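Below: the structure, in structure tokens.
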Amino acid sequence: MTTPVVELRNVTKEFHGNPAVKGVTFELHAGEIHSLLGENGAGKSTLTKMVAGVHEPTGGEVRYLGKKVEFSSPQEALENGIAMVFQETSLIPSLTVAQNLELGNEKFLTRLRGLWISAQQFLQSLSFEVDPTALVSTLGAAQKQMVEIARAVRHNAKVIIFDEPTATLTPEEKYHFFKLVNRLKDEGVSIVFISHALEEALTISDRITILRDGEHVITDEVKAFDRDKIIGHMVGRSLSNELYGETKVQARQSRPAGKRMLSVQNLSMGSIVRNTSFSIFSGQVTGVFGLVGSGRTETFKIIAGVLKRDFFHGGEVRLSGRPVRYRVPRPAIRDGIVYVTEDRKVEGFFETKSIAQNIYSGLLGADLNQKSVISYSEMAELAKVWTDRLNVKTIDNDSKVIELSGGNQQKVVLAKALVQKPKLIILDEPTRGVDVGAIAEIHEVINELANAGLPVVMISSYLPEILALSDRVLVSRLGRVVEEFSIEEASEEKIMYAAVH
Amino acid sequence: MKLTGRLKNVSQEKIVFTITLVMFAVFALTLDGFIGTSNLLALLRSVAVLGILGLGMLIVVLGRGIDLSMVANMAISVAWTIQLVGTGMPLWAALAIGLGFALGMSLITGILVAFAEIPAIFATLAMGTFIYGFGRAHLITGTDVVYLPSNFGWASQIGQGRLLGIPIPIILAAILAAVVYLFLRFSKHGWNTYNIGDNTQASRITGIAVRPTIVLQYMLSGTAAYLAGLITATAVQSMNTRMVNSNMIYDVILIVVLGGVSLSGGRGSVRNVMVGTLLIGVLVNGMTIMDIQYTIQNVIKSLILLLAIVADSVINPRDEQTGQQGDI
């Protein structure tokens with residue numbers, strides 16, 4: 001057995017006395033793709049950041065090429081051949097691709113023409129189709145990822161760590177990405193792949209390591225795993241069937257459509273939403289599937305007043321038969337249309353405020369508070385009711401939302417929307433960045449809402465989720481709803497076919 | 001380990017408060033007459049105007065804005081009031097017109113920031129220049145300095161009077177502090193001000209009327225400016241419109257920031273402003289008794305500010321989490 005490229009021996013990392021990683025041993029061999037899986041907060045990012053020099057371990061040792069190393073900065077790790085491609089890209093948007101490739105070793109004087117040419121040659125050699133003179137801010141997510149990777153390759157990285165690289169990519173971009181990763185592997189680069197997408201991990205990896213609560217659970221060849229096993233190891237129990245099991249989908253009966261709550265005719269906004277028309281009925285979950293850029297989020301943001309449709313020929317939205325046009329979300333909320341965002345950190349919760357304050361803010365926003373002044377007792381009661389109902393796990397309701405895990409944050413954002421007594425609720429990617437346990441609970445809430453007769457719209461990019469929850473599926477493509485299925489006739493293949501063709 | 005654990009809870013507000021107490025103790029021991037009632041009242045009296053402006057600024061800063069037009073608004077609206085009284089207008093009418101002018105100007109500022117979405121720093125900078133220029137060209141005729149006419153009546157007590165031996169400016173500042181505290185803590189608009197400063201996008205989606213609330217914030221700071229102006233003018237029997245060109249607005253920002261109010265919005269309270277105001281009050285009063293030159297005083301003031309900020313960044317280092325969102 002050859003010495004592993006990277007070896008972590010019994011490493012531990014504590015933040016303010018709270019261990020994020022506890023005594024994990026991990027080996028990465030030359031030329032392998034090693035997936036690191038686990039729920040949110042399982043310690044995947046922290047573990048790899050110790051390899052990449054972002055964090056220093058509080059216990060244990062990191063060995064690289066057989067020698068003990070202590071990198072004090074990502075820069076030092078990079079110089080030694082370990083590159084980490086972060087979730088949020090670390091490129092400078094206002095510089096060009098070529099300048100970003102050069103970042104960190106610029107000369108005192110730079111001749112741009114020479115820079116373009118060498119960058120062009122370099123990108124060609126990787127067969128990346130990115131214009132080296134383009135500003136990074138004009139690139140799509142996949143191209144940015146390519147530039148990041150190119151930067152890592154340029155530094156002759158022997159180890160590249162990808163932290164959730166595919167979260168923002170469209171299927172087509174993913175395909176390119178995986179091809180590239182495989183080529184890097186053929187060149188002898190070792191790759192660590194952190195992901196929430198289990199199918200991707202199963203197709204691409206050689207070996208898989210699963211972490212849970214900062215501890216190592218299992219490492220094995222990819223052949224030894226399947227979806228259920230992985231989830232089982234991740235959560236320590238078998239949740240897969242409960243969540244997305246075949247039997248459950250097969251046995252589902254769609255809820256009958258209630259009255260038509262919302263009808264949309266010819267809605268348009270610029271080139272993102274183009275003459276889309278559809279209806280939403282009460283008492284059922286309408287799943288909306290579409291690839292990134294298909295205008296599904298924008299369509300529903302227009303309905304909720306977050307975005308504005310075109311002034312001329314913008315189309316028509318009718319809420320219970322009455323035409324509505326909102327300039328801001330406030331009147332939409334007063335009419336009962338509540339939108340729960342896909343990006344909770346940017347437009348979901350108030351990070352300096354506590355759980356209770358966040359939920360109460362929702363109540364205030366809808367003008368449903370009992371007293372005209374701020375009532376701290378009303379707030380505490382409300383928070384107690386909703387954190388119990390949604391099972392938000394926290395020590396007390398005065399903890400700041402920013403300190404919670406992704407799943408609990410999402411539950412708070414959901415509670416904040418539900419206290420507004422919605423008549424139509426739009427959930428945009430309700431389980432993005434949420435751990436498996438919380439997904440089940442959120443799904444349960446969604447079903448309860450629909451059973452209670454509410455029209456629920458659920459936008460999701462995850463087909464099993466669409467199939468497990470929806471009664472009716474709308475497929476969006478190029479700014480328009482192009483296909484509608486009842487759950488009985490829908491299948492992953494049919495939906496995907498409609499979304500791409 | 002234990003020490004750093006305890007230090008973790010030390011906020012900038014506490015650091016500044018400690019510095020204030022230490023300086024107070026040192027001055028009390030070393031300077032003659034510092035601890036006397038009359039000097040302490042003079043100390044508070046000297047920062048009352050600054051504190052009132054700071055309270056107005058606090059509301060705007062909490063909503064992720066900044067109001068650089070406060071001093072211009074205060075100088076011109078009050079100078080106009082005084083001039084109107086001088087030309088024979090009844091006092092109450094002149095006061096109402098002056099307040100109306102201050103509110104009108106801050107309404108325009110608010111609309112520029114909230115509806116036209118001009119960054120607050122540019123909108124208020126331009127409005128400050130506009131108010132001063134417009135006021136000097138069309139409202140205040142003659143000199144830079146408008147003197148208080150003898151028929152200013154009861155209103156001249158605002159700056160000079162005493163109630164139970166306490167100068168009225170101190171009482172007004174205390175009342176305003178209480179009002180702003182109640183506004184921020186118990187009114188919906190105050191609550192929404194924090195939410196908007198914390199996350200404007202989320203506020204919008206939550207159904208908060210973001211734009212009207214922002215306009216309200218500027219109108220409240222305009223009101224505070226007018227009150228501060230009345231105190232200043234009646235205390236020194238005149239309103240010198242040249243104060244617009246002084247560095248007073250920076251002093252206002254100084255006390256707000258010094259107390260630990262975050263310029264990126266959503267963090268801070270009345271207590272922070274009071275702490276910042278007290279520090280400047282004690283410092284300036286002590287230095288004045290020591291007979292330190294005005295220019296040197298400015299140097300010392302700025303060094304204290306830097307010290308407080310450095311202490312804060314050493315004790316509460318920015319980690320990955322907080323580093324994501326930069327100040328301003």
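Laboratory data are not the source of any read-out in this text; all were calculated from the coordinates shown. Just so you know, these numbers come straight off a predicted model, no measurement behind them. Using ideal geometry, Cβ is built from the backbone for each residue, glycine included, and neighbour counts are taken over all protein chains shown.
Would you please give the residues with an amide H less than 5 Å from that of A:Ser320, counting only those at least 5 places away or on a separate chain, with H modeled from the backbone geometry?
The answer is A:Leu262, A:Ser263.
How would you rank A:Arg63, B:Arg45, going from fewest to most other Cβ atoms within 10 Å of each one's own Cβ?
Details: A:Arg63 16, B:Arg45 21.
In order of increasing Cβ crowding within 10 Å: A:Arg63, B:Arg45.
Suppose a student asked you for the relative contact order of the range B:8-315, using Cα pairs under 8 Å spaced at least 6 residues apart; what percent would you report? Provide the component values of the computation, followed by the final result.
Numbers: 463 pairs, mean separation 113.3, N = 308.
37 percent.
Which three extents, in angstrom, do the Cα atoms of the range A:283-373 have along their principal axes, listed largest first?
Taking the Cα atoms of the range A:283-373, the three principal extents are 42, 30, 30 Å.
Based on the alpha-carbon gyration tensor of the range B:8-315, what equivalent-ellipsoid semi-axes (square roots of 5 times the eigenvalues) come out, in whole Å, largest first? Walk me through the numbers before you get to the answer.
Details: eigenvalues 166, 153, 56 Å².
Ellipsoid half-lengths, sorted descending, are 29, 28, 17 Å.
Find the centroid of the Cα atoms in the range B:121-170 and in the range B:202-257, then give the distance between the two in whole Å.
Comparing the Cα centres of the range B:121-170 and the range B:202-257, I get a distance of 13 Å.
Skipping prolines and chain starts, which residues have an amide H placed within reach, meaning under 5 Å, of the one on A:Asp310, given they are 5 or more residues away or on another chain?
Sorted by chain and number, the residues that satisfy this are A:Ser268, A:Met269, A:Gly270.
Once phi is turned into θ = phi - 60°, what whole-Hz ³J(HN,Hα) does the Karplus curve with 6.51, -1.76 and 1.60 give for every residue of the range A:413-427, x standing for Gly and Pro?
Karplus values, whole Hz, x for Gly and Pro: 4, 5, 4, 4, 7, 6, 5, 7, 6, x, 9, 8, 10, 10, 10.
Nearest 20 debye, what's the magnitude of the dipole of the protein assembly as shown about its Cα centre given +1 on Lys and Arg Cβ and -1 on Asp and Glu Cβ?
2000
So how do A:Glu79, A:Glu493 line up by other beta-carbon neighbours within 10 Å, fewest first?
On the way: A:Glu79 15, A:Glu493 9.
Ranked by crowding around the Cβ, least crowded first: A:Glu493, A:Glu79.
Kindly put A:Ser94, A:Ser205, A:Ser282 in sequence by how many other C-beta atoms sit within 10 Å of each C-beta, fewest to most.
On the way: A:Ser94 10, A:Ser205 23, A:Ser282 20.
Fewest-to-most ranking of A:Ser94, A:Ser205, A:Ser282: A:Ser94, A:Ser282, A:Ser205.
For the range A:349-420, what's the radius of gyration and Dmax over Cα atoms, in angstrom?
Cα-based Rg and Dmax for the range A:349-420 come out at 10.9, 33 Å.
Roughly how many debye, to the nearest 20, is the charge dipole of the range A:349-420 about its Cα centre, given +1 on each Lys and Arg Cβ, -1 on each Asp and Glu Cβ, and no other charges? Let's see the in-between values first.
Working: 8 positive and 8 negative charges, 29 e Å.
Its charge dipole is roughly 140 debye.
I'd like the distance separating the alpha-carbon centroids of the range A:440-501 and the range A:313-383, in whole Å.
So the two Cα centres are separated by 24 Å.
Can you compute 3J(HN,Hα) from phi for each residue in the range A:149-158, using the Karplus curve 6.51 cos²θ - 1.76 cosθ + 1.60 with θ = phi - 60°, rounded to whole Hz and x for Gly and Pro?
Using θ = phi - 60°, the values come out as 5, 4, 5, 5, 5, 4, 7, 6, 5, 8 Hz.
Would you please calculate the Kirkwood hydrodynamic radius of the range B:1-115 over all C-alpha pairs and express it in Å, rounded to one decimal?
Value: 18.2 Å, from the Cα pair sum.
If you fit an axis through the alpha-carbon atoms of helix A:436-451 and take the longest principal axis of the Cα set of chain A, what angle between them do you get, 0 to 90°, nearest 10?
The two axes meet at around 20 degrees.
Check which residues have an amide H placed less than 5 Å from A:Ile459's amide H, if you skip close sequence neighbours.
Those lying under 5 Å, H to H, from A:Ile459 are A:Val288, A:Leu427, A:Asp428, A:Glu429.
List, largest first, the extents of the alpha carbons of the range A:6-238 along their principal axes, each in whole Å.
56, 37, 30
At 20 °C and 1.002 mPa s, what whole-number value in µm²/s does Stokes-Einstein give for the translational diffusion of the protein assembly as shown, with Rh from the Kirkwood sum over Cα pairs? Write down the numbers at each step before the final one.
Details: Rh = 30.4 Å.
Once the numbers are plugged in, D ends up at 70 µm²/s.
Using the structure shown, list the pairs from A:Lys345/A:Lys411; A:Lys301/B:Lys188; A:Lys308/A:Lys353; A:Lys229/A:Lys393; A:Lys353/B:Lys188 with a Cα-Cα distance above 23 Å, or answer none.
On the way: A:Lys345/A:Lys411 13 Å; A:Lys301/B:Lys188 26 Å; A:Lys308/A:Lys353 29 Å; A:Lys229/A:Lys393 26 Å; A:Lys353/B:Lys188 15 Å.
A:Lys301/B:Lys188; A:Lys308/A:Lys353; A:Lys229/A:Lys393, as the Cα separations exceed 23 Å there.
Tabulate in residue order the Karplus-calculated ³J(HN,Hα) for the range B:150-155, using 6.51 cos²θ - 1.76 cosθ + 1.60 with θ = phi - 60°, rounded to whole Hz; enter x for Gly and Pro.
5, 8, 6, x, 4, 5
Looking only at chain A, where both bridge partners belong to it, what percent of the DSSP beta bridges are antiparallel (to the nearest 5)? If you can, show how the numbers build up before the last one.
On the way: 42 of 77 bridges.
Rounded to the nearest five, the antiparallel share is 55 percent.
Please give every one of the lysines within straight-line cross-link reach of B:Lys301, meaning a C-alpha to C-alpha distance under 29 Å, and leave out same-chain neighbours fewer than 8 residues apart.
Hits, sequence-local ones excluded: B:Lys8, B:Lys14.
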